[in-house]
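Everything on this sheet refers to the single structure shown next.
The values are calculated or read from the model by the stated rules, or taken from the named source; none is laboratory data. Small disclaimer: the values here were computed from a predicted structure and weren't measured. Heads up, the Cβs are rebuilt from the backbone with ideal geometry, glycines too, and the neighbour counts pull from every protein chain shown. Accessible surface areas use protein heavy atoms only, side chains included; no ligands, DNA or RNA. Shrake-Rupley method; radii C 1.70, N 1.55, O 1.52, S 1.80 Å.
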Amino acid sequence: MEKSLRLRQALRVLGAVTLTLAGGTLGFHWILHESWFQSFYRSTVTATLAGLDTVPQSDGARVLSIVLVIAGLTIIAYAGAVIVEIIAGGVLTGVLAERRRERAIDRLRDHFIICGYGRVGRRVAEEFRVSGEAYVVLDYREDAVAAAKEHGDLLIEGDATEDEDLRRAGIAHAKGLVAASDSDADNLYIALSARSVRPDMQIVARASDEDAEKKLKLAGADRVVLPYATAGRTMANLVLKPQVTAFLDAVTTATGPDLHMAEIEVPASSVHAGKTIREVRVRHETGAIIVALRKKDGTFDTTPEPDVRIDPGDVLVGVGTAEELRRLEDLFAPGESRGR
């Protein structure tokens with residue numbers, strides 16, 4: 001729409017210039033009986049406010065010169081206004097868009113911050129996007145900024161190692177942070193800064209080797225991912241255990257088939273806290289399957305029996321379709337259970 005408006009404005013200027021010069025040429029030719037070229041020259045000089053080549057000899061020619069001067073002034077003023085509007089409009093639009101982004105980020109709660117929008121960061125964003133999770137991208141590199149804008153991501157153009165830029169990304173209200181920079185040093189600074197501001201926040205960082213992994217954990221990262229080690233492990237498993245690996249990939253990838261995994265923390269206010277899996281009748285009520293149970297002390301029960309008790313603070317790992325997992329979340333929601 002904006003391009004169409006600019007085109008119409010340009011056509012108006014071009015049409016006004018053409019009409020003015022054509023009218024002036026015809027008028028001078030008829031009044032002064034000059035040649036067509038001389039009439040066109042006089043019309044151009046007069047309308048562009050360059051000055052009069054010679055003083056017109058008749059009142060009619062003088063009146064025509066006055067009209068051309070006024071028309072020239074009007075055209076120049078209109079063209080100038082259009083140019084100023086284009087320049088100022090672009091700047092103003094950018095400022096307004098930035099303000100809208102900042103307000104949208106300020107309203108976010110329990111979102112994720114992706115620090116570094118390279119190949120790893122973009123893959124993380126894709127998973128968040130498909131899962132419907134709110135997230136903010138924090139990067140300053142030109143290619144990263146362009147990619148974030150192309151996907152319509154909420155973006156902060158800044159340095160994730162700076163506390164102020166983390167604040168602008170809404171770290172005070174964020175649920176988690178992903179340090180996905182290509183630089184181990186940057187990820188170390190990001191983890192340190194984020195942990196100092198939010199001791200309770202989940203931080204996942206990328207590392208290039210085991211030495212960097214140790215340092216990142218000391219800096220406050222809860223989980224550290226080594227892309228090359230992970231890729232090598234996955235490739236080996238695809239050869240050794242292809243069906244198991246395919247299943248795990250299917251249930252842990254948001255862009256995969258209908259079957260997914262989810263983790264649900266049991267709140268103390270849930271009416272099912274303190275009951276066994278058999279008593280809750282999880283499979284019957286939701287259709288989902290509990291494949292693992294992490295207790296409050298950090299231990300895992302990877303094959304929980306039906307008589308295992310679900311205590312407040314435990315984390316259930318469930319497998320099912322999106323709808324089945326939603327029902328599982330509702331089953332253990334705070335307060336009264338739903339659909340009962």
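Taking all protein chains together, Phe300, Phe28 sort by accessible area into Phe300, Phe28, largest first [probe 1.4 Å]. Counted residue by residue at 0.36 nm each, then reduced by the alpha carbon distance between them, the extension gain from Arg119 to Gln57 reaches 14.7 nm.
Please state the charge dipole magnitude for region 184-340, taken about the Cα centre, from unit charges on C-beta atoms (+1 on K and R, -1 on D and E), reported in debye and rounded to the nearest 20. Walk me through the intermediate numbers first.
Values: 21 positive and 25 negative charges, 25 e Å.
Dipole about the Cα centre, nearest 20: 120 debye.
Each residue of region 280-288 was assigned a 3J(HN,Hα) from its phi angle through the Karplus expression (A = 6.51, B = -1.76, C = 1.60, θ = phi - 60°), giving 6, 6, 4, 4, 5, 7, 10, x, 7 Hz with x at Gly and Pro. A simple spin-label model places the labels of Arg167 and Ala77 4.8 nm from each other, with each point 7 Å out along Cα-to-Cβ. Across the chain, Cα pairs under 8 Å and at least six residues apart give a relative contact order of 10 percent. Against the main long axis of the alpha-carbon atoms of the chain, helix 2-32 sits at an angle near 0°. Average accessible surface for region 188-272: 62 Å² per residue, computed with a 1.4 Å probe over protein heavy atoms with every protein chain in place. So, in Å, what gap is there between the alpha-carbon centers of region 275-333 and region 108-174? Distance between centres, Cα-based: 32 Å. Give me the distance in nm between label points sitting 7 Å out from Cα along the Cα-to-Cβ direction at Arg278 and Asp143, one decimal. In this crude spin-label approximation the distance works out to 5.8 nm.
Ordered from highest to lowest accessible area with the whole protein assembly present and a 1.4 Å probe, Met235, Met261, Met201 read as Met235, Met261, Met201. Below 20 Å, Cα to Cα, which lysines can Lys217 reach? Residues fewer than 8 away in the same chain don't count. Cross-link targets: Lys175. Between Lys295 and Ala16, the contour length at 0.36 nm per residue exceeds the Cα-Cα span by 92.6 nm.
Computed on protein heavy atoms with a 1.4 Å probe, the accessible areas place Leu218, Leu14 in the order Leu218, Leu14, largest first. Placing +1 on each Lys and Arg Cβ and -1 on each Asp and Glu Cβ, with no other charges, gives the chain a dipole about its Cα centre of roughly 740 debye. Exposure check, 1.4 Å probe, all protein chains in place: Arg168 carries approximately 60 Å² of accessible surface. Counting only heavy atoms of the protein chains and using a 1.4 Å probe, Asp301 has close to 50 Å² of accessible surface. Prolate is the label for region 158-226, because the ratio a/c of its alpha-carbon gyration tensor axes (a ≥ b ≥ c) is 1.5 or higher and a/b is greater than b/c. Counting only Cα atoms, region 189-283 measures 47, 42, 22 Å along its principal axes, largest extent leading.
Once you have a ≥ b ≥ c as the square roots of the Cα gyration tensor eigenvalues for the chain, tell me rounded if a/c is under 1.5, and otherwise prolate or oblate according to whether a/b is larger than b/c. Verdict is prolate for the chain.
Heavy-atom accessible area for Tyr78, with the other protein chains in place and a 1.4 Å probe, reaches approximately 80 Å².
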